[in-house]
Amino acid sequence: MEPGAAPPRSRLEVVAALNEAGIGCGVLMGPVIPYLSDSPAQLGAAVRRIADAGATSVSAITLHLRPGAREWFLAWLREHHPGLVVPYARLYRGGAYAPREYQDAVSQRVRDLAAEYGITGRTRHRPARAAPPPPAAPQQLSLL
């Protein structure tokens, strides 16, 4: 949905590479899009892939609709998911953010899934790859 953004698979490849190199890397999963990417199955699949990449932590952020983004998103929603226009009007009637209860429920679901998949918030102690040997000492060449 974000033009020009790296796809999730590419982002998780970076997470895996960093963690393999011994650099702990967590994931901010978002935006979680109400009614489109917030089902237990969808969140579970995402957190499982994040765990498989070796992430040290995961947290979720729900979609927020600030001015500009709100108009673009609602136009997209009308075109692609017209049945969700009224539910979104209700959910976001208070402004740019979904109600705190909804946000908290998504966050709790992701925390529970993280625990289920072994994402503890602590760096997974993987041995870092051995550093290459230092370069040989430079030698002054003779002019003759």
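The values are calculated or read from the model by the stated rules, or taken from the named source; none is laboratory data. Computed from a prediction, not measured in an experiment: that's the story for all the values here. Because the Cβ atoms are built from the backbone with ideal geometry, glycine has one as well, and the counts that use them run over all protein chains shown.
The figures follow:
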read-out: Subset of the range 110-128 that is under 27 Å from S37 (Cβ atoms) and small (G, A, S) - its residue that is modelled with the lowest pLDDT; value: G121
read-out: When residues of the range 36-58 are limited to those that are farther than 20 Å from P7 by Cβ and surrounded by 14 or more Cβ atoms within 10 Å (Cβ to Cβ), the one nearest to the chain's Cα centre (by Cα); value: S57
read-out: Residue in the range 116-133 that is assigned to a loop (DSSP other than H, G, I, E, B), farther than 28 Å from E20 by Cβ and not basic (K, R) present; value: no
read-out: Candidates P138, P87, filtered to the one that is at pLDDT below 95, farther than 22 Å from P8 by Cβ, out of contact with any His (no Cβ under 9 Å at 6 or more places or on another chain) and outside the structural domain of S10 (by TED's automatic domain parsing); value: P138
read-out: Counted residues, the range 1-35 - those being within 13 Å of the chain's Cα centre (by Cα) and of a type in the set (S, T, N, Q); value: 1
read-out: Wholly within the range 1-100, helices (runs of 4 or more DSSP H) carrying at least 1 residues that are touching a residue at least 24 places away in the same chain (Cβ under 8 Å) and within 18 Å of I119 (Cα to Cα); value: 8-20, 40-52
read-out: Single condition L77 does not satisfy, out of (1) closer than 23 Å to A6 by Cα; (2) under 15 Å from the mean Cα position of the chain (by Cα); (3) modelled with pLDDT of 95 or more; value: (2)
read-out: Qualifying residue in the range 55-68 (condition: of a type in the set (S, T, Y) and either outside the structural domain of V110 (by TED's automatic domain parsing) or under 30 Å from P82 (Cα atoms) (or both)); value: yes
read-out: Unique residue being surrounded by 13 or more Cβ atoms within 10 Å (Cβ to Cβ) and not hydrophobic (A, V, I, L, M, F, W, C) when the list is R11, R93; value: R11
